[in-house]
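Remarks on the structure that follows.
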Amino acid sequence: MRTLGGRYRLVNRIGLGGMSEVWRGHDGVLDRPVAVKIMHPAVEGTLGETGVALVQAEARSAARLTHPNVAGVHDFGTSPGAERDVPYIVMELVEGQTLSEHFAAGPLDWRIGVRICAEVAAALAAAHAENVVHRDIKPANIMLTPAGVKVLDFGIAAFVGSPEAGPEGPVMGTPAYIAPERFDGLPATPAADMFALGTLLYHCLSGRLPWTARSHTELVIAQRFADPEPLPHLDFLPPEVLDLCSRCLARDPSERPTALMAALLLAEAVDARVYVPLGGLEPEARPTPRVSPWDERAAGAPTSVAAPGPAAVTEQQDDHVGRHRARS
């Protein structure tokens, strides 16, 4: 069996993507199962140092996040390859099925779908609080486990404000979940993730995508100029969930809600618990307490332990005698 970094033994491959593959591994130092993401042999020789930088950027993006709905990153390293070092990421091994696998098995109960999206929104809220945008929220990157949702694959994540490759370059992400403004080369923002969340929520509620198209070009045109197809009627679905879904799919990014708002609203709709960052909830400013003039003078008065001089003693005695005579 292949071993990376002298400690991570690759056991069997459990996932395959366009640029990388994921292996079930074993950490020989800490004696625990792990997931190891390594660049696919077909592309490891074509990207050179760029490939190492991409994988390291993914590791750093995900390592900033500590959240129960985000797969944790344990380590990053490189392993000697035929021509150059091959980068790899060691991650938490997540057991379960992807949301895309669940979709293939049939429609979800709307309560389950709303709960899933609430936990995805909570994960996005944590990412956005760290100025990280996922950029590829889709069913294949949502793992359903016995302990809840895990958001996977920050491979094309970016920091808020990071530009796309340019008008002539590729737009990173999965076309059906890409926000319309990103095709104009605008910088990555949390609002783009919220469009993807709205698409995911729509898919969970209806079993299909918001727009029907036969090609990526038709899809882009539909997103820009057509309204989403109406959702089917679902008994007891709270109207605020429908409203949230509609606002997430708004063409104008400024009209989309924040991930924090979405997580709290969706969780309340199904009486679920989510973990959201509280950094944005600043306490109200307290008024500065007033200090009386006497307190100000007392606070500013010098403190002395020196014995009083004769004149001060005489003055104190005269004052004492004066008070005694007044009482008499």
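Miscellaneous remarks
- Added length on full extension, which subtracts the Cα-Cα distance from 0.36 nm per residue, Asp85 to Glu130: 13.2 nm
- Highest average packing first - 207-218, 65-76, Cβ atoms within 10 Å: 65-76, 207-218
- Gain on full stretching of the segment that runs from Gln56 to Asp227 - 0.36 nm per residue minus C-alpha separation: 57.6 nm
- In sequence order, the stretch 176-192 has phi-based couplings of 5, 10, 8, 5, x, 5, 6, 6, 8, x, 6, x, 5, 9, x, 4, 5 Hz under the Karplus curve 6.51 cos²θ - 1.76 cosθ + 1.60, θ = phi - 60°, and Gly or Pro positions carry x.
- What the Cβ-Cβ distance of Phe236 and Glu101 gives, at R0 = 22 Å and to the nearest 0.05, is a FRET efficiency of 0.25.
- Available extension along the chain between Arg111 and Ser215 is 34.3 nm, counting 0.36 nm per residue and deducting the alpha carbon span.
- The amide H of Val132, built 1.01 Å from its N in the peptide plane, has Val160 as neighbours under 5 Å, considering only residues 5 or more places off or on other chains.
- For Ile14, the residues whose amide H sits under 5 Å from its own are Val22, Trp23, Arg24, ignoring neighbours fewer than 5 places away on the same chain, with H placed 1.01 Å from N.
- Thr145 long-range amide H proximity, modeled H, under 5 Å: Lys150
- Each Lys or Arg adds one and each Asp or Glu subtracts one; over the other residues with Cβ under 12 Å from the Cβ of Ala125, this totals -3.
Coordinate-derived values only; no laboratory data. Note that this is a predicted model, so its numbers are computed, not measured. We place every Cβ from the backbone using ideal geometry, glycine too, and count neighbours over all the protein chains shown.
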